[in-house]
Each structure stands twice: as structure tokens, then as C-alpha cells.
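Note sheet for the following structure.
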Amino acid sequence: MSEHAIELTVNGHCHATRVEARTSLGEFLRDGLGYTGTHLACEHGVCGACTVMIDGRAMRSCLMLAVQADGAEVTTVEGLAEADGTLHPVQQALKDNFGLQCGFCTPGVAITMACVTRDNAGVEAPRMEDALTTAMSGHICRCTGYQGIRRAIRQLAGAST
Amino acid sequence: MNVQAKSVGAVRYVGTRQPRKEDARLLTGRGQFTDDVRMPGMLHIAFVRSAVARGRIVSIDLDAAREMPGVQAIYTQADLAAVPVQMLSFFFTNIESPVTLLADGRVACVGDPIAMVIAESRAQAEDAVSLVEVVVEEETPLVTIADAKTGAPVHPDRDDNIAAEMGDEDALEAIQPLLDGAAHVVSTRIRHQRIAPSPMEGRACAASPDGAEEMTVWMGCQSPHLAARYLAQALGMPTGAIRVVARDVGGGFGLKNIPWREEVAVVVAAKLLRRPVKWIEDRFESLTASSHAREQDVSLSLALDEGGRFQAAWCDYACNNGAWPMGEDANIAVHMFMWPAYKLPAYGFITRGWYTNTMGLGGYRGPWAMESLVRETLLEKAARKIGIDPVELRRRNLVYLTDQPHTSSMGIPVEDITPGECLEKLMANIDYAGFRREQAEARKEGRDLGIGFATYIEPTGSAGSMAPMTGETVQLRIEPTGKVVAMLSTHSQGHGTATTMAQVIAEQLGVAYEDIAVYEGDSAIGAFSPGAAGSRQGVIAGGATWRAAEMLADKVKVVAAHLSNASVETVTIEGGMVHIAGAPEMSRSIREIAEIAYGEPGRLPEGAATGLEAQYRYQPPPMTMTSAAHCCMVEVSAETGFVKILRWISAEDCGTVINPGVVEGQIAGGLAQAIGQVLLEDMPYDARGNPLAATFKDYLMPSISDVPDFEYLHANTPSQTIGGMRGVGEGGAIVGPPTLVNAIADALAPFGEIDELVLPLTPARVLDVIEQRDVSGTRAHLDGADVAAVVEETNPAEVVAPVMAAGIDGDWNMVLKTPMGPQEMVAHFDADGAVVSGYLQAPEGRQDFSGGTLSGSQVKFEMKVEKPMKITLKYDLQFDGDTVSGKCKMGMFGSATVTGERV
Amino acid sequence: MKPAPFDYVRPASVGEACRVLAESGGGATVIAGGQTLMPLLNLRMSQPFVLVDINGIPELKGVSRVEGGTRVGPATRQADALEDETLARHLPAFITALGHVGHYQTRNRGTIGGSVALGEPAAEMPATAVSLGATIEITSSARTRSVPADEFYVGPYMTVLEPDELVTGIVYPDWPDGHLVLFREVAQRAGDFALVGLVGALALEGGAITRAGIAWFGMGPTPIRARQAEAALVGASLAGIDAEAVARAAVADTAPFDDHHASAEYRRTVGARIFARALRETLDLRSAA
């Protein structure tokens, strides 16, 4: 099995290390770098819990190899809040609306919502709501019945206009 | 002393949507789930699992696997047997099947663990797993309940595949005439699919041997206390030797009620290897090798009089227990809770659990939920058949508050339920007539709308009747800094117990919510409780916290009164400040009081303990009932068979609501699971015993577009517990399925009845009803399966009783199969002619009986017991040489089998 | 759920990629977006010796106009293709179908070539390529060839692609300006593979259909071209089209399976209905315009 030297930025911090070819990005972030906020819940690309931001785009970190992230800028859930601890608006919206229970799927949900709100900043509320809801179909939550997530979406959509 | 004075305008916490204390860490990736735990030198475990559903293990070749890089050990059952293990059910009774941690000579289902590989990484462990060669002499597996009735026993040491049996077939003799003579009889049959509980975090366990006799275990569980007690008992270790930590757990839903084979194997491996080890169940394992739920085949017949009043009912219930259930189960609770909310004079049932060569049965949110599904769907079917509105039919039969106290047909006292009141509240808040008009208009346009209702009651907060179902302990203290610390035996897998308990403390103690830190999730904290199980934490821990906070407030007041030379009655606490009535200058902060209580004992009242601490263990009433009525509106597409949920309104009565956000979150989560059960989720097996939904691509979990916005009405009738809470954890998953099925059935009514409800109601099965033909192929499939089922069940041969030559006098070891597990006892009989007396001796004590009868080799006697409730046990035993077998009728618990042999 | 060990190479050119594929004697697998391959690797259902990552080959990315059509590089991300103006102008059916592929998160990584080359029979993009008459450009160290999409698929996840070959482009022929998009699918949840679906294009002139390309997905072991329906439609005037009859003809070409999500009978029954509805709605749309 080949091993590769890679260099990537995670939440603004530079990491240079070696990885085995078969190690997924999600596993590498957790076990290699200690960013355990990213959760692996299905490892076959359906549930969305492992979603991270790679060069600004939300992607499944279980469906990508660590070696493929060489040179990438990665943001995990640990990197969403401000340095002073102020929650990212999507984190705040989830908190305000009981958008999480066990919290296992939440890191991926927050990353997707952060990407979609950024890409759609300023659009009308119905369009933002639609974009967020559509993107949320890529996440499975077993606890909440999506009620708080949907309320959080409406809060974010309302705030964007 | 219980000083209840609360100043006007005090900040209210109970009943408010406080943001959750858990969220800060969970939203920022700082939670600690089991897979986040890292220990120096930690090794990783992967299991070798059976690809064959049934057979004898001929050989296990580990040679190639042992050579793989990183492999530190490979264990089979032969290795683990060095540590004796007795697997237990949730009730701490011994598992009846010959279950071992790893397969012991035979495999009984696909996914059966055969060996465990321990390596430096999970990937390396999996590499070695793929090289372990297992040769199995394959046998024809029993997959369905029908297979189990006729096939050779799954467990060769047993006589048949009946894992558990309750109820009384003979009781049908009494019920049948009532059915025959009734104005209306309606029947239904439900085949409930198999569910994979599928918490987002699979099972997980890491174990670290800390010394010769100590072990720290991190585990995804529903109660660290229960897990620690289970492990200690199963492994024969002292209770204190095992500490279980579960900071964050990604959902449980009943699956994680108790440690099961893999988790216990991890602990044993750590003991044997003397190194920290970790096993993280992957999704493939979670779907195919975690315990499954439901899979029932249930028939129910109900007799009604001309006016639609219920007369009698008979139920035949069967549940697939799989090969290794987490406790053999005939689901007596289905029958206990099928009718107490309704006036039904006569009910009888037979209920059985069957062993098959499939993954074992485990707990899942509302394990007895079938009672609501089968009753409420049959009820609306009856309404359509008789021509009475389904709401009106309920009104004629429900037990309203004005009808209480009431006793159910099975002898359950009913005195604190509000399903009828919930229904009225629901009806007052929906425009039912308006919907019916809209429905009629839509039909003209070719659109098929439907509305469905369901009412139910649920026993919550059970305590005192079953070994693990206990009270809750709360330890509370005000630190010298004035901050409040609570140590709880609760556990949250999403329940938000740290939040709700802090709300109770803030309100009762008069301190700010932000100033309260709640610690839970560690068996070293608090005291024993089963955590999240049976919708109990809000009720029992809530009550315990309520009282402990009052006790602590009293203590603060006593100190404050003493310091101010005032009477205790004049002291109030609010917003972290302690006030003396009429003396505002004497107000002190709680911190000031605390500093004195800890640091200046001389200023405390004579004899007062230093510090500010309180502890309370709450033993609530044995059961607290929750009620609800739900309504759902759907549109069914006749073109594709797809169901769209338009509205869903819940009217529940969970008493005092501590946090509406948390309560509604519990209801919503249960309803989403209900929607999954009715429309999407299915874990089918093929004829060879292979599970067919091994990934989330095939096991369809509800996604955001499958779940509507739920609307809530809260009835808030306080219960008899401290604080007045009622449990709410499971209700949505219980009342949800019938609500949705009824709405679909209403939409489909013009096309036909759902004669036999086969779940899930896939689009193809909906078209079966609309088109009145077998579009889905379900009928063809089931008819094939039923052919196999039409074979006589094994009836114990009628023995013409010869008089027992050896006599019955003396001691007999007997086992009574009760709903809470087998109960072992010694029976002593003295026969004097045809009259028999004697006693039964169990670990709980001895009880005498007299006035029994001996006829040939048959002995009958009665015995009254007080616990768990007053019932008369009626024994009917057949003696044959040195063995005895028979039945014990246990009132509402139906009948249990008795077996035994001469001592 | 961890992949079996493999070597990873990231060639910088098509030539280099083909050389690796040739040298590995059938033991290599190409990864582009990995959105379908990675689950197979994680589940050890695919165990290559060498994984050839084509994401570093610039010439395999992007959309370009070619003689008589539009060429899509196989490593083009689905999310980028969705935003591509050339595709929107020339291949509206492609864009409609692509909007139903997977989820927002998987489209950010998944590629057009990955979806086309993998040949999942219930997926949208293989059927789209078949319906629009696309040509798959294939290269190996030894030769370069082009295969019509409807000859490319031979079974579930099986194509004519040899182990040493690489898809280098998918060329979609131009359809007349103003042609109509035919698309409908039934899936249990948003983003799931379809239980049954159809995609295609219809060109009209003077109230009659001049060209039709329609393919099913989820209706057999491969995407299936609705040849009988195409034949019935071409030359037909709008007034003379019996949508139900055409739908029946379309279903006649299919060979759906039973699985635990839906029976073959369901797929045929509902397939005929959504086909007829798609036809009616698409053509009504036109006549109303």
C-alpha cells in the first residue's frame, strides 16, 4: 500500500504529514489530526454526518481519500465559530430552535448549512429556505424529526433578507 | 419543613424553552462520543461474522490472519471462555437461549460473531478478518415466524422454537361466543416489518484495564449505571470494579438499553489482553448485526354491539425473536395496554415469541407499540364498516376522566388517564367538518385525501416492579462560589436531561439557569438508575431534582434566617439572592451564604452541617400514565401510490412540561420514526437468511422531505409525582403509526379496505388497494410463505393421567416463565389423599399454600401474591415420574408455563 | 468499514493514466469523484490494487463545444456542470436530469464521467446519455475509440470499457433549438436512485415530432432506450399522439426487476403512467406557448 506526504490546511492550521492511500479524509481528520468533531456514521456517503468544507464546498469526508485533500483548505465543525467563541449563525440558529438532540449528525448539518447560506447570501427568504431544505435532504437525523432544523432554516432564511 | 413561598415575579424556568446546555459542545465539535476516546496503546477490534444463517462450525482457520501486519490477538469463543459470562436481559434475568459472546460451535444467524481480531488499527483488523476462514456445515435456516412453527429447533437443546409464551388459548372458548353473538365483528391482521433501530452513532465500546480488578469502560449506552451493573453481574465482578463512562451518545432508542454480545466481548478482550481496546460498530454491522425490532404477525378481532360499543376482543400475537434475543419476549405489555383506555368487558389473547435464524430482537422506542397500531387501525376499520364516524366511535368507548376510577378487562386500575380529554382538545383545534368537505371536493377532482386519528395511553416512569426500573438519585450542592452543581443518575442520548434538570433546579432553588452545572453520564456520578428507558427520566429524575432543590433551598433559608436573626418563613431566594421579608438591607447573595456555610462554621446555626448540600432519592408511584390523541391528513397519489403528509397535529398530556422544546423534540423524533415505519424502513431477509438492507441506500431512513411540520397541543394535567410530570419519550413512536395508517386507509376507503396491513406501506402496496390487484407482489409472496405456515402447531400430547406411583411429596425445582424472565423456585408438596398443601420457596421468600387438589397426576392449587400487584396465581401441574410441567394463570399477566424436576 | 489496501497514483495526463492502467493488468480502478466508488471500496466490494485518480488531469475537466455537439470532460464536477451556461443552452435535458442526481454534497464532488461510466441502471446520467444519443470517447495506451451510449452499457455496473481504458469525454449531439425536455422520475426519497424514471428530448417542427430520444432508468439491467415509443412519435403530429398508447409501447421495451423497494409490476404500471403524463405535460406546455 502506498503512503503519501500531504499538506493541508484545517480550520486555518497547516498540517504536513504522511497518510496511507486507503485512509479516508474523515478518518484522517479524526484519527490523524484529532478533529473528532467530524463524525463517521455510515461511511458510504448517505447519512451526511461526516460532511466537511473542502475549498469552500460541502463534501462527504467518507467519500474522499485523505491523499486527495493534499493542498486543500478544509473547514470542520470545529472551525465554524469565531475565535472568541461566538457561534456561527447556523450554529446559533440550530441552538435557538432545538435543531439537535444527540448531536451526532449535527456537525455535517452545520457545515452544509454554512455553505448554503454563504452561497445564497442576500437571496429572498423563500429561495434561501428552499436551497437549505433541498441541501438538507443529504443528511439523516434520527432524533429530531427535522423540526428544529426546519425552524433553524426559516430563521436563517429570514435573516438573509 | 417545606417552605413553598415564592415571591411574585420570580423568574420561571419550568415550562420555558431554555436553550439546551448540551448544545454548546455538540454544535462546536467538542462532544465526547466513544469513538473520540483515545488511550495510549489502544488497539482496535473487528469481528469475524457468519455469512451463513445456520449450521455447525466445522473449522476456524486463523493462521493467515495472524500473520497480518498489526494483528495483536485473535480470539474465538474458546479463548473468551476463560472468563465465565452469563448474559442477562434488561430485567437482569438470565438469557434463556444458549447465548455466548462469540459463536460456540454453531452459528444461528447471518452476522453471528465468530471471532474478534484485535489490531493496531481498525483497517488492519478488517484486513485480518477477511483472511479468517470459517467452514460451516450449512443447514436450512428458519427465517420467518411460519418457518419457526414447523422447523427444527434453532437451539438444538430446546424442544421447539417458542422463545416465550403467555396468554391462554383456552380463553378463546369464553370469548368466541361473544364474537359470534355480536352485532358486528371486525378483524384485522398486521404484519409488521423488521426494523433496524439505526441510531446515528452505532454501538461503541472502549475498555481500559486499570489494574488487576478494575476496568474503565466507555460505552454508547442509555445508562452508565445500568451498563456497569450489567457488566459486573454478567462477568461476576464486584460492582465497583467497573466504571462506565458515556459522556455523549449518538442516539439509543432502546437498542443500547443493555450491553450486548460485542460490548461484553470487548470488555473480556481487554481483561484477557490487558490492554485498552476499542470497537466501533460500522453501519454495515449496525444494520445487519445490531439487534432488530418489531417483526410481528398479529391478528385481532373485536365485537361491537348495535351502538358500536365494544363487547369483546381476541388477539393472536407472534413476534420474531431471532436467534439471540436480548431477552426472550412474548410482549405481554401489548396485551396489558391494549384496552385500559377503552371500555371493553372481555379480552383474551395468546402471545408468543419465536426463535428463528435471524438477528435477535432488541428494544426499540415503545416496544409494545403494536397495541396501539392494531387497536386503532381496527377501530377505524370498524367505524367504516358500521358507518359510524371514527371520532364518535372513540367517544362511545373511551374511558374519560368522568368514568374513572375504572378497571380494565385485564384488571389494571385506570384512574389518571386523559385520552378522551386529549381527543376533545384535538377536535376543538382542527376543523374536522371543514376537512371532510375539502375531502369530498377533492374526490370530485380525482384527488384522494384522508384523515386519520389515534388515541392512546402509555405507562411511563415505571419504578419498583422490575429489577432495573428504580427511582432516581440527585445530589445537589451550592459551591463556595455560589454556583450550583448537580450530580445525576440520568443519561441523555439526545434527551437534554442536563437542560431540563437544570431548569427544575433553577426554578426551585431561585438561582440562574446559567449558574447550574449538571454532571451525568458516568457510573461514578450519582447512583443507580436505568437512565433512558421506559419514558422515565423527566418523571422520576425530574421529581428527584425538584425535591432535592427544595431541600437545598430550605437549608439556605435556615442559614440565612440564622444570620439575619429572622424567622425562616420570611426568607425567599430569587435570582441568586436571598431576601428577608421587610428587611431589604439584609439581602445576601447565595455566594455569601455559601462562603459562610463552608468557611465559617461558627456562624451557622447550632448543630447545622457545614456546606450547602442535599441529596434525594425519589421513589415515584409504580407507574405514571401519559395520554394523547393525534390526527394526520394525507394525500395519496392514485397514479404512483405515493403518500404525502399534509398536516399532523398532536394533543398530548405529559403533565407538567419542563421544557416545551425538549418535549416537542421527543414527540417529533418518535413521529419521524413512526413515518419511517409506516412508509419507508424495512429490513427484509431472503429465504437463506440474508438481511437485504445492509446499507443506508437500502434501509430507507426518513429524510427532511418525508416529515411534515408537526403541530402540538399540550394538555398539562399534573400527575401524582413530585412536579407532576408524565413521560413523553416513546409516545410519538407508539401513537404515530396508527395515526398515519388510518389517514392512508381513509384516503383509500373508496377503493377498498387494507384487508391485511403489511408494512411498510410502500407505493406499490398502496396501489394494491387502489387497483384491487397484487401490484406489489406482496400477496404472491405471503401466500407462498403461508403455505409453509399451515402445519399444525406442536400440541403437547394429551396424557391420560395415571396415578403417580412415586407420589408428588417432597421438593421440586421449578421454573416459572414470567414476563420479566424465568423465575426459579423450589416447590414443596404434601399430598394427603386428594388434598395437597405445601409451599413455594424463591429467593424473595417463601409462601405457603393449602387446599390444593390431586387428581391422578394432576395438581391444582392457588396462591395470592401482593407484588408487583395483587393477583391470584392458579397453578395447574402435570407430574410424570421425576418431571413436572404445566401452567400458571397469573391474572392480567395471562398464563406462564411451568417446568421442573424432582430435587 | 475500511477499504482493503491499495496503491494510489495521481497522473497528470491522460497518457500517464493510460500507462498505469495498462501496466496494472486489470488491477487498477479509476477514481474521479468517488461518490459511488468510495462506498464500494469502504465496503470492500471493490478491491483494486491501484487507484488511479484522474482529478489531476486538466484535459479531462470542463465543457466545450465541438462539431455538432457539446463535449463534457469526465472529471467535470456535477455541481459545476449544473452551473454551466453552455450545457444549459444546448442540453436542457442534461441539466434537468443532473438536478436529480444525488445530493448537494455529493454533486460538489461527484463527476459526470463517474456517473456515466459506472452504469448504475437506476441512475439518471447513463439514461440521459443514451436518450440524447451521446458518444463515449475512450482511450487506452493501445487505441482510441468512440462508442455510442446505447452500446456502452451491458449490465448493472457493467460497460464495454476494458480494464486498461479510460473515458476521456462524453459528446452529446446538438438537438434543434427549442427542443423539449422529457423528464420524470419516481424515487422514494429526494436524492434516491429512482424506482422508475425516464429522460429524453423531443424536437418539433410544424406541429409534428421530427426527432425523439427517450430512455428509461430503473427499468432493467441497463438504461433502456424506448425505441418503440421513439418510432411511434417521430413523424406524428401532436394532435395524433395517443400518449397512453405510446407509453405502453415504451414499457414494452423494458425488463424491470423485483426488489424489496418495488416490484417489476409496479415499475411497469407506474412507468407507463409517468411516461404518458410526461408526454402530455411536455407537449401541452409546447402547445400553450
> Is it the case that some residue within the stretch B:692-701 is touching a Gly at 6+ places or on another chain (Cβ under 7 Å) and surrounded by fewer than 24 Cβ atoms within 10 Å (Cβ to Cβ)?
Replying inline: yes
> In this structure, is C:Thr96 more than 14 Å from every other protein chain (Cβ to nearest Cβ), in a helix (DSSP H, G or I), surrounded by fewer than 20 Cβ atoms within 10 Å (Cβ to Cβ) and not basic (Lys, Arg)?
Replying inline: yes
> How many of the residues in the stretch A:22-47 are of a type in the set (A, V, I, L, M), within 11 Å of chain B (Cβ to nearest Cβ) and in a loop (DSSP other than H, G, I, E, B)?
Replying inline: 3
> For B:Asp653, all conditions in the list (1) facing chain A (nearest Cβ under 10 Å); (2) touching a helix residue (DSSP H, G or I) at 6+ places or on another chain (Cβ under 6 Å); (3) among the charged types (D, E, K, R) hold save one; what is the number of the exception?
Replying inline: (1)
> Only one of B:Glu730, B:Glu756 is of a type in the set (Asp, Glu), surrounded by 23 or more Cβ atoms within 10 Å (Cβ to Cβ) and either under 18 Å from B:Gly641 (Cβ atoms) or within 24 Å of the chain's Cα centre (by Cα) (or both); which?
Replying inline: B:Glu730
> Yes or no: B:Ile478 over 21 Å from B:Met725 (Cα atoms), aliphatic (A, V, I, L, M) and in contact (Cβ under 8 Å) with a residue 40 or more places away in the chain?
Replying inline: yes
> Among the candidates B:Glu120, B:Glu139, which residue alone is within 14 Å of chain C (Cβ to nearest Cβ) and surrounded by fewer than 23 Cβ atoms within 10 Å (Cβ to Cβ)?
Replying inline: B:Glu120
> From B:Gly661, B:Gly602, B:Gly607, B:Gly665, which residue is assigned to a loop (DSSP other than H, G, I, E, B) and of a type outside the set (Ser, Thr, Tyr)?
Replying inline: B:Gly607
>> Could you tell me how many of the residues in the stretch B:100-117 are in contact with a helix residue (DSSP H, G or I) (Cβ under 7 Å, 6 or more places away or on another chain) and surrounded by fewer than 23 Cβ atoms within 10 Å (Cβ to Cβ)?
In response: 3
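Residue-by-condition table, conditions (1) under 24 Å from C:Pro221 (Cα atoms); (2) within 14 Å of chain A (Cβ to nearest Cβ); (3) modelled with pLDDT under 95; (4) in a loop (DSSP other than H, G, I, E, B):
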| position | (1), (2), (3), (4) |
| --- | --- |
| C:Asn55 | no, yes, no, no |
| C:Ser64 | no, no, no, no |
| C:Ala79 | no, yes, no, no |
| C:Val101 | yes, yes, no, yes |
| C:Ala117 | yes, no, no, no |
| C:Ala127 | yes, no, no, no |
| C:Ser131 | yes, no, no, no |
| C:Glu137 | yes, no, no, no |
| C:Leu161 | yes, no, no, yes |
>> Return the residues of the stretch A:49-64 that are of a type in the set (A, V, I, L, M, F, W, C), at the interface with another protein chain (Cβ under 9 Å from one of its Cβ atoms) and within 18 Å of A:Gly34 (Cα to Cα); say none if nothing qualifies.
In response: A:Ala49, A:Ile54, A:Cys62, A:Met64
> Does the stretch A:87-98 contain at least one residue that is surrounded by 24 or more Cβ atoms within 10 Å (Cβ to Cβ) and under 30 Å from C:Leu51 (Cα atoms)?
Replying inline: no
>> Being in contact (Cβ under 8 Å) with a residue 12 or more places away in the chain and within 14 Å of chain A (Cβ to nearest Cβ): is that true of B:Gly669 here?
In response: yes
>> Restricting to the stretch B:20-71, count the residues that are part of a helix (DSSP H, G or I) and away from chain A (no Cβ under 13 Å).
In response: 4
> Name the residues in the stretch B:207-234 that are outside any loop (DSSP other than H, G, I, E, B), crowded, with 19+ Cβ neighbours inside 10 Å and of a type in the set (A, V, I, L, M, F, W, C), would you?
Replying inline: B:Ala207, B:Met215, B:Val217, B:Trp218, B:Met219, B:Leu226, B:Ala227, B:Ala228, B:Leu231, B:Ala234
>> What's the number of the only condition in (1) surrounded by fewer than 22 Cβ atoms within 10 Å (Cβ to Cβ); (2) modelled with pLDDT of 95 or more; (3) over 26 Å from B:Leu761 (Cβ atoms) that B:Thr418 fails to meet?
In response: (1)
> Restricting to strands (runs of 3 or more DSSP E) lying wholly in the stretch B:443-501: which have 1 or more residues that are away from every other protein chain (no Cβ under 14 Å) and basic (Lys, Arg)?
Replying inline: B:472-478
> Is there a residue being touching an Asp or Glu at 6+ places or on another chain (Cβ under 7 Å) and either among the aliphatic types (A, V, I, L, M) or more than 25 Å from B:Thr624 (Cβ to Cβ) (or both) anywhere in the stretch B:485-497?
Replying inline: yes
> For C:Thr36, which of the numbered conditions (1) touching a strand residue (DSSP E or B) at 6+ places or on another chain (Cβ under 8 Å); (2) closer than 21 Å to C:Gln105 by Cα; (3) among the polar types (S, T, N, Q) fails to hold?
Replying inline: (1)
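Here is a yes/no grid of residues against (1) free of Cβ contacts under 8 Å to residues at least 24 places away in the same chain; (2) basic (Lys, Arg); (3) on the phi > 0 side of the Ramachandran plot:
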residue: C:Lys2; (1), (2), (3): no, yes, no
residue: C:Phe6; (1), (2), (3): no, no, no
residue: C:Val9; (1), (2), (3): no, no, no
residue: C:Val14; (1), (2), (3): no, no, no
residue: C:Leu21; (1), (2), (3): no, no, no
residue: C:Ala28; (1), (2), (3): no, no, no
residue: C:Gly34; (1), (2), (3): no, no, yes
residue: C:Leu37; (1), (2), (3): no, no, no
residue: C:Leu41; (1), (2), (3): no, no, no
> Which one of these does B:Val474 not meet: (1) surrounded by fewer than 24 Cβ atoms within 10 Å (Cβ to Cβ); (2) touching a strand residue (DSSP E or B) at 6+ places or on another chain (Cβ under 6 Å)?
Replying inline: (1)
>> Looking for something more than 28 Å from B:Gln823 (Cα to Cα) and not assigned by TED's automatic domain parsing to the domain that holds B:Asp783 - is there at least one such residue anywhere in the stretch B:88-105?
In response: yes
> Take the residues of the stretch B:759-784 that are outside any loop (DSSP other than H, G, I, E, B) and among the basic types (Lys, Arg): which is surrounded by the fewest Cβ atoms within 10 Å (Cβ to Cβ)?
Replying inline: B:Arg779
> Which ones in the stretch B:689-744 are among the hydrophobic types (A, V, I, L, M, F, W, C) and outside any loop (DSSP other than H, G, I, E, B)?
Replying inline: B:Ile704, B:Phe710, B:Leu713, B:Met725, B:Ala733, B:Ile734, B:Val735, B:Leu740, B:Val741, B:Ala743, B:Ile744
>> Restricting to the stretch B:148-162, give me the number of residues that are among the aliphatic types (A, V, I, L, M) and in contact with a helix residue (DSSP H, G or I) (Cβ under 9 Å, 6 or more places away or on another chain).
In response: 2
> Where residues in the stretch A:65-109 are of a type in the set (D, E, K, R) and free of Cβ contacts under 8 Å to residues at least 12 places away in the same chain, which of them is farthest from the other protein chains (Cβ to nearest Cβ)?
Replying inline: A:Asp84
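The values are calculated or read from the model by the stated rules, or taken from the named source; none is laboratory data. Just so we're clear, the structure is a prediction, and the values are computed from it rather than from any experiment. For neighbour counting, all protein chains shown are included, and Cβ atoms are generated from backbone atoms with ideal geometry for every residue, glycine included.
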